[in-house]
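The values are calculated or read from the model by the stated rules, or taken from the named source; none is laboratory data. Being a predicted model, the structure only gives us computed values, none of them experimental. Heads up, the Cβs are rebuilt from the backbone with ideal geometry, glycines too, and the neighbour counts pull from every protein chain shown. Calculation scope for accessible area: heavy atoms of the full protein, side chains included, ligands and nucleic acids excluded. Shrake-Rupley method; radii C 1.70, N 1.55, O 1.52, S 1.80 Å.
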Amino acid sequence: MKEDLSQFIGLSDSRLFHMRGVAYKSYELARNVFKMEEDKARSLFTMGLMHDFAYAFVENQTEHEHEGGRILELSGFNWAEAVFNHGDPDADNWTDELLILNLADMTTSPDGKPITIGQRLEDIENRYGTDSIQATKARKLNKRIKEELAKRNLIIPNL
Ligand SMILES: [Fe+2]
Ligand SMILES: [Fe+2]
């Protein structure tokens, strides 16, 4: 049977590069900031690598997190919930995995380069408009990331 996936947003080349960038950043944060063991950090590398895969199966951008989390959950990945909740500043009880994913996502450009949170926000504001839903959500996410880091007494230089 042939399925037509062309109605979905899909995974552009730059999005794949973004996912790779988030993978390396997640690993680095897990290891160097959260002091997690090597195997755990490698597992979170795969979380970063997969976190946006569901763009291949959604028509609206806003659906990719939950659809991704759903499929990863039923595939048995224990960090699936972080993918489900990524990008949501109001998600309750942020786990370390969710903080790592959001932080990695917000410090990786849409084409996979390491950038600061400030640059990432600026890019979102330029693309969607300063008062857009996307920019408002991103600023809220940034604020929550900083609160969650402070709660854990974690300091990241050049954020
Ligand atoms: Fe995403
Ligand atoms: Fe992402």
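Give the range of the longest stretch in the chain that excludes all trypsin sites (Lys or Arg not before Pro) found in loop regions by DSSP and having at most 14 other beta-carbon atoms within 10 Å. Please list the in-between numbers first.
Working: sites that count: Lys2, Lys35, Arg152.
Longest gap between qualifying sites, sites excluded: 36-151.
Let me have the 222 nm mean residue ellipticity of the chain computed from DSSP H runs of 4+ only, each contributing -39500 (n - 2.57), with the sum over all residues rounded to the nearest 500. Walk me through the numbers on the way to the answer.
Details: 7 runs with 88 residues, N = 159.
Rounded to the nearest 500, it is -17500 deg cm²/dmol.
For the stretch 1-83, with every protein chain kept in place, what is the accessible area per residue (1.4 Å probe, Å²)?
For the stretch 1-83, the per-residue accessible area is 60 Å².
Which FRET efficiency value, to the nearest 0.05, do you get for Arg127 and Phe34 by plugging their Cβ-Cβ distance into 1/(1 + (r/R0)^6) with R0 = 25 Å?
On the way: r = 30 Å, r/R0 = 1.21.
Efficiency for this residue pair is about 0.25.
Considering amide H positions built from the backbone, and no H for Pro or chain starts, which residues 5 or more places from Thr108, or on another chain, come under 5 Å of its amide H?
Ile115
Out of the GluC sites (Glu not before Pro) in the stretch 49-78, which ones are loop residues according to DSSP with at most 15 other C-beta atoms within 10 Å?
Details: sites: Glu59, Glu63, Glu65, Glu67, Glu73; in loops: Glu59.
Passing both the DSSP loop test and the Cβ count: Glu59.
Quick one, can you get me the convex hull of the C-alpha atoms of the chain expressed as volume per residue in Å³? Don't skip to the end; give the middle numbers.
Details: hull volume 18.3 nm³, N = 159.
Per residue, the Cα convex hull of the chain comes to 115 Å³.
Work out how much length Arg70 to Glu147 would gain on full extension: take 0.36 nm times their residue separation and subtract the Cα-Cα distance, in nm to one decimal. All intermediate terms of the calculation are to be shown ahead of the outcome.
Details: separation 77, 0.36 × 77 = 27.72 nm, distance 2.72 nm.
Taking 0.36 nm per residue and subtracting the Cα distance, the gain is 25.0 nm.
Would you count, across the chain, every pair of lysines whose alpha carbons are under 26 angstrom apart, provided the pair is eight or more residues apart or spans two chains?
So the count of such lysine pairs works out to 23.
Quick one: putting +1 on the C-beta of Lys and Arg, -1 on the C-beta of Asp and Glu, what dipole do you get for the chain around its Cα centre, in Debye to the nearest 20? Don't skip to the end; give the middle numbers.
On the way: 20 positive and 27 negative charges, 124 e Å.
For the chain, the charge dipole is close to 600 debye.
Say R0 is 35 Å: what FRET efficiency, to the nearest 0.05, do Arg139 and Glu63 get from their beta-carbon distance? Don't jump to the answer; show the numbers that get you there.
Working: r = 22 Å, r/R0 = 0.63.
The calculated FRET efficiency here is 0.95.
Where the Cα atoms of the stretch 1-62 are projected onto their three principal axes, how long is each span, largest first, in whole Å?
44, 24, 20 Å, listed from the longest principal axis down.
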